Each structure stands twice: as structure tokens, then as C-alpha cells.
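Below: the structure, in C-alpha cells.
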Amino acid sequence: MSLKKSAGNMYPWVTHTHSHLRGGCPHRCGYCYVQAMERKFSGGHYTGPLRLEEKEFKVNYGVDRTIFIEHCNDLFADDIPGDWIRRILAHCAEWHQNNYVLQTKNVGRLVQLLANRAVRWPLKFMVGTTIESNRWHDVMGKAPTPQLRIGNFKRLRSYWPQVPAFITIEPVLDFDDSELIEWIAMARPDFINIGADSKGHGLQEPDAAKIMRLINGVTAAGIPIRQKHNLDRLLKS
Ligand code: SF4
């Protein structure tokens with residue numbers, strides 16, 4: 001695999017995706033499209049033990065791109081060896097005229113690494129995390145709880161305010177609107193994305209009125225909503 005033009009519809013502002021990691025993502029989210037594809041077409045890149053694909057470190061990232069790194073895994077999951085993270089970030093840093101998107105549900109580890117001088121970060125990068133709900137849902141698998149994610153996201157914003165950061169509420173799961181709005185307002189992301197499950201996983205989803213309260217509350221807090229993805233199905237329900 002090499003650098004790929006972003007063809008999916010998750011983030012239209014991402015121009016390319018690239019992965020060095022192979023093997024199954026340790027978080028095992030029940031709604032994961034990557035894992036679902038792997039089950040359908042067995043023997044792909046993203047099953048089995050975690051490993052690195054050495055040839056991917058030779059990929060030319062070019063210039064002026066927005067590249068989502070490790071979009072089929074979580075680079076900062078606890079099971080990823082620190083040396084692998086350093087090597088992947090160093091590859092990004094080498095191609096310094098791009099902007100890199102680093103999305104993780106394990107924001108605490110990313111924050112720890114930001115304080116580590118042994119890590120060479122790219123010149124331009126942004127951090128994202130997924131908060132599907134303020135509540136725990138079993139489909140969140142082995143990922144850190146939403147409380148942990150938002151707490152560490154707030155640490156990121158406090159200690160590293162210069163790092164652009166966003167929150168993605170996708171796939172949105174049933175939530176308590178006043179608490180979720182408060183979390184987002186306190187965390188002050190640069191923007192949020194909201195999206196619904198598009199793969200028919202039968203998730204516990206909020207109703208239209210609740211989603212509208214979330215959209216209005218976040219907007220009133222002055223936080224831009226960059227993308228509303230696949231929400232029509234829920235807003236018409
Ligand atoms: S964190 Fe992302 S890649 Fe990993 S299992 Fe969950 S949805 Fe899939």
C-alpha cells in the first residue's frame with residue numbers, strides 16, 4: 001500500500017490516508033468498518049497481530065497535503081510499542097510541508113508523548129478524538145471510556161493549546177444532551193464533526209430532538225460544527 005487519495009466520506013478535508021501499521025486495532029469497537037471489512041474479506045492487512053510494514057516508511061508524502069495517518073488503527077493505543085510511534089511520527093516529520101491528522105481514542109498516551117523530548121513530531125499536525133456519547137456503550141469495545149477521552153482532551157487543550165484539535169461524534173450513540181454539551185463546551189475543540197452509523201449496526205441512537213439540542217448547544221457555545229454526516233436518517237426519524 002502507498003499513500004492513498006482519500007476516497008471515503010468521513011472527512012472531506014482530508015486529502016490522503018496512509019498506514020504503516022498492520023493487524024487488528026486493539027480497541028475492537030463493535031461498529032468498526034475496518035474490522036467489518038476484514039471479516040468479509042478475510043486475510044487482509046488489518047487482522048492478526050499488530051505489526052509494521054517496513055516498505056511504508058519509504059513512502060514519499062509530497063507537499064501541501066492533509067494526511068490521515070493510521071486511519072485503520074489507533075496509533076496511540078496502549079498495545080502499540082513506543083518505538084513504532086516514534087518511527088511513524090518521524091516519517092511524517094521528514095515530509096514537513098504537509099498537515100497530519102492524528103486521531104486516537106487514547107488521548108492520554110498522546111499527551112504523555114507530547115511531553116517526551118525523544119519524540120520528533122511533524123511541524124504541522126492536528127489531533128482528533130472520537131466521543132460517540134458521554135455514556136458508556138458496550139460497542140465501545142476495549143477503548144478508553146468517553147470520560148477518560150474527554151478528560152485527556154481537556155489536558156491537551158490546557159497544556160498544548162497551539163495544537164489544533166477536534167472531536168468527532170461518530171457514530172453518534174444515545175447520550176445525555178446537557179452533559180455532552182457541557183463536556184464539549186469545556187473542552188473547547190477547534191471544531192466538531194457529528195455523524196451517524198451508516199452501516200446498519202443497530203446501535204442505540206439518540207432521537208432527532210436530542211440531536212438538534214446537541215447541535216444548538218454546541219453552536220451556542222461558539223464551537224463550529226464542520227460536518228454533519230449521515231444525520232438525515234436520524235433527524236427524520
Ligand atoms: S478505534 Fe477505530 S479503527 Fe480501532 S476498532 Fe475502533 S473504530 Fe476500528
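The values are calculated or read from the model by the stated rules, or taken from the named source; none is laboratory data. Remember, it's a predicted structure, so these values are computed and weren't measured experimentally. So basically every Cβ, Gly included, is an ideal-geometry build from the backbone, and we count neighbours across all protein chains shown. Areas reflect the complete protein model, heavy atoms only, side chains present, ligands, DNA and RNA absent. Shrake-Rupley method; radii C 1.70, N 1.55, O 1.52, S 1.80 Å.
Yes or no, residue by residue, for (1) under 15 Å from PRO122 (Cβ atoms); (2) open to solvent by less than 40 Å² (accessible area, probe 1.4 Å); (3) at pLDDT below 95:
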{"residue": "GLY48", "(1), (2), (3)": "no, no, yes"}
{"residue": "LYS55", "(1), (2), (3)": "no, no, no"}
{"residue": "LYS58", "(1), (2), (3)": "no, no, no"}
{"residue": "ARG65", "(1), (2), (3)": "yes, no, no"}
{"residue": "PHE68", "(1), (2), (3)": "yes, yes, no"}
{"residue": "ASN73", "(1), (2), (3)": "no, yes, no"}
{"residue": "ASP78", "(1), (2), (3)": "no, no, no"}
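Being open to solvent by 30 Å² or more (accessible area, probe 1.4 Å) and touching a residue at least 60 places away in the same chain (Cβ under 8 Å) is a description that applies to ALA36. For CYS72, the conditions (1) within 13 Å of the ligand (Cβ to nearest atom); (2) in contact with a strand residue (DSSP E or B) (Cβ under 7 Å, 6 or more places away or on another chain); (3) part of a loop (DSSP other than H, G, I, E, B) are fulfilled apart from (2).
For residues that are among the polar types (S, T, N, Q) and out of contact with any helix residue (DSSP H, G or I) (no Cβ under 7 Å at 6 or more places or on another chain), scanning just the range 137-166, find the one that is nearest to ILE181 (Cα to Cα). Give the derivation first.
So the first thing to find is which residues in the range 137-166 are among the polar types (S, T, N, Q), and the list is 145, 147, 152, 158, 162.
Going one step further and asking which of them are out of contact with any helix residue (DSSP H, G or I) (no Cβ under 7 Å at 6 or more places or on another chain), we end up with 145, 147, 158, 162.
Values: THR145: 17, GLN147: 13, SER158: 19, GLN162: 23 Å.
Among residues in the range 137-166 that are among the polar types (S, T, N, Q) and out of contact with any helix residue (DSSP H, G or I) (no Cβ under 7 Å at 6 or more places or on another chain), the one nearest to ILE181 (Cα to Cα) is GLN147.
If a residue must be farther than 13 Å from PRO49 by Cα and within 15 Å of the ligand (Cβ to nearest atom), how many such residues does the range 15-26 contain? Count: 4. Within the option set ASN134, ASN116, ASN99, being closer than 20 Å to CYS72 by Cα and away from the ligand (no atom under 16 Å from the Cβ) holds for one residue only, ASN99. Candidates are the residues of the range 5-33 that are at pLDDT below 85 and not small (Gly, Ala, Ser); the one that is least open to solvent (accessible area, probe 1.4 Å) is MET10.
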